Amino acid sequence: MRLRTLIDNINYIELVNVDNMSDEIMGISYNSKKTVPNDLFICLTGEHVDGHEYAEEAFSNGACACIVERRLNLDVPQIVVENTGEIIAQISDLFYSSPSKKLNIIGVTGTNGKTTVTHLIQQLFEADGQQCALIGTLGHKFFSGDTYHDAKHTTPQAPELQRLFYEINEKCIKNVVMEVSSHSLAQHRVDFCDFNGAVLTNLTQDHLDFHITMNNYFKAKALLFERLVAGDFAVINADDEYAEKFLNVISPTVSTYKYGVNNPADVKAENIKFNHNGASFTCCIKDKKYDVNLKMNGMFSVYNVLAALTTAIALGMDVEKSIKKLEELGGVAGRFEIVINKPTVIVDYAHTPDGLMNVLKTARDITPSDGKLICLFGCGGDRDATKRPKMGAIAEEYADKVIVTSDNPRSEDPQQIITDILAGFRSVNDVIVEPDRELAIKEAYKIAQPNDVVLVAGKGHENYQILADETIHFDDREKVREIFDKSVKSEG
C-alpha cells in the first residue's frame, strides 16, 4: 500500500516530514524490536509502555513512517492522529483490503465458556460440510484437526487479526468463529471487523483491574452486539443476569435467539442429569423435543452446548445432525479435563468466582459418597484482587479440603495474593497453604484417597507460569501425571 493511499483514507491532525508520498508500506508494526524495512510503525500508548519512546529504534530497524499522537523530535515521516489505539484497526483493515467483509465471522464473548463454545461451533460447521477457522485463547486453527498456531492474546491485536483474516481468505475458507475478549473490544482491536453473528455465554466478575466496574465490563462486551446490523444474528444466554441489558442494545433488525435452562428461551434444556460419563437432557426447540446425551459433564457444559446448538440453528444448520455431532464430542484441553483416575484428578482453567463455583459443583456431582472433594487453586497477580477472597469463600463452601497456592503471581508477592484469598475463609485452620504450585500438587497427592476427586484449578491448558522475573515451563496436566502416576495407592 502506498503511504499516500493510507493518508487519504484516515483522519489525521497533521503531517510531518511526509515529502515522499509514494513510499510503499510493506507491513504494520507496533513493536520496535520486530519492525522490519518499510514497515509503518504505530506508536501505541498502553498501560505500561508508550510506543512513542521506541520510534527511534523502529526507524533504525527500517520503518518508513510512523503514526503518532504527538510530534516526535525526529526527522522522520510522521502522521499525527488523535488516538493511535483506535486508528491501528482502521489502518490494518485498509492494508489488508477489508478481509473480514469477505468472511462469515461469528464472535463469541463472555466471562466463561468462550473457548469451548468456539470449538463446538467449529465442529458444527464441519459437520455441516463447511470449513471453519477458529481464533481464540489456545491459538488459531484453520480446521478442527489442525494444530494450534501461537496465540499471545485471546483476541489478537488488529494487525495480526486482519492478517489472519487475509490468510483465511487466501485458503478459501469462508467461515470463522472467534473468541472476542472484553479487552479487545475496549482497546479497539476488533474495530472494522465485520461480524455476522455474536454469541453471549455469560457475564460474571473478571478483569475489574482493567474495567474497574461491572458496568464498564458490560459496556465493553456490549460493543460486539451494538455493531450488528440487519441480516446478522445474536445468541443470548437467557439465564444470565445481564441478558436483558444485552438484548436492549441489539438493533431490532438483528435476528435474536435465546437459550437457557431456567428462563423462557428458543432453545431450552430440561430434565438435566449428570453422571461420571457426562450429562444428559431434553432439548426443547419450539414444539419439538430431542434427547441429548453428552460426553461432557457439568451444568456449564450444558450451557456451552446450548450456545453452540442455538448458533447452529441461527446459521440454518440441521438440528438433528448438529445434536448428533455434539454428542460425539469430548471437552477442550484444560476444561474439566480428567487427567488421572483413582483418585480422579481434574484440571480446569477456572480462574473467576463464577467459573470456580461451577466447576466445583460439577466435581461434587461426580464425587462418590465415600469420597472427598479436594480443591487446589490460586489467583493471578497484577489482576483483579477483589475476586480473591470471593474465590476463597467459594472453595471453602463447595470443597471438603482446600489447598491454596500460586497461579501466575507476575510482579506481586505470592504470599500477599494468598493472604487476599484466605481473607474469604470463615476459618483457615484446615486450609493447606503452599505457595510452590508443584509442592501444592504433591500435598494433594499425599492426602487424596482412591475415591476422592481432586480439582486443580486456574491454569488449565497453560504450559507456563509467570513469576516476578521469569516465565517458566509449568503444565498442571504434566505435573499431575508425574506426581500421581508415581505409584498406585492401595484401597486399604
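For residue 325, the aspartates and glutamates whose Cα comes closer than 14 Å to its Cα, not counting residues fewer than 8 places off in the same chain, are 126, 128, 291. Subtracting the Cα-Cα distance of residue 102 and residue 333 from their residue separation scaled by 0.36 nm leaves 80.1 nm.
Between residue 293 and residue 172, the modelled label-to-label distance comes to 4.0 nm, taking each label 7 Å out from Cα in the direction of the beta carbon.
Of 114, 446, the sequence from fewest to most neighbouring Cβ atoms within 10 angstrom is 446, 114.
Principal-axis analysis of the Cα atoms of the chain puts helix 114-127 at an angle of about 80° to the longest axis. Within the set 361/390; 33/171; 361/479; 101/174; 245/273; 295/401, which residue pairs have Cα atoms separated by over 20 Å? Check vs 20 Å cut-off fails for 33/171; 361/479; 245/273; 295/401. In a simple Cβ point-charge model (Lys, Arg +1; Asp, Glu -1; nothing else charged), the stretch 3-95 has a dipole of about 140 debye relative to its Cα centre.
The slack in the chain from residue 147 to residue 411, taken as 0.36 nm per residue of separation less the alpha-carbon distance, amounts to 91.8 nm. For 339, 359, the sequence from fewest to most other C-beta atoms within 10 Å is 339, 359. Expressed in units of 2.2 N^0.38 Å, where N is the residue count, the Cα radius of gyration of the stretch 3-95 is 0.94.
Against the chain, whose longest principal axis is taken from its Cα atoms, helix 387-398 shows a tilt of about 20°. Of the residues 429, 319, 168, the one whose Cα sits farthest towards the positive end of the charge dipole of the chain is 319 (charges of +1 on Lys and Arg Cβ, -1 on Asp and Glu Cβ, taken about the Cα centre). The residues 232, 476, when put in order of fewest to most other Cβ atoms within 10 Å, stand as 232, 476. Under a point-charge model restricted to the Cβ atoms of Lys and Arg (+1) and Asp and Glu (-1), what is the dipole moment magnitude of the stretch 287-406 relative to its Cα centre, in debye to the nearest 20? In debye, rounded to 20, the stretch 287-406 gives about 100.
How tilted is helix 84-95 with respect to the longest principal axis of the chain? Cα atoms for both, answer in degrees (0 to 90, nearest 10). Compared with the principal axis, the helix lies near 80 degrees.
The alpha carbons of the chain occupy a box of 83, 56, 38 Å along the principal axes, longest dimension given first.
Extent of the stretch 99-328 along its three principal axes (Cα atoms, max minus min coordinate, largest first): 46, 40, 36 Å.
Assuming charge only on the beta carbon of Lys and Arg (+1) and of Asp and Glu (-1), the dipole of the chain about its Cα centre is about 1420 debye to the nearest 20.
Bear in mind that the values in this text are calculations on the coordinates, not laboratory data. Quantities reported herein were computed from a predicted structural model and do not represent experimental measurements. Neighbour counts are summed over all protein chains in view; Cβ atoms, including those assigned to glycine, are modelled from backbone coordinates with ideal geometry.
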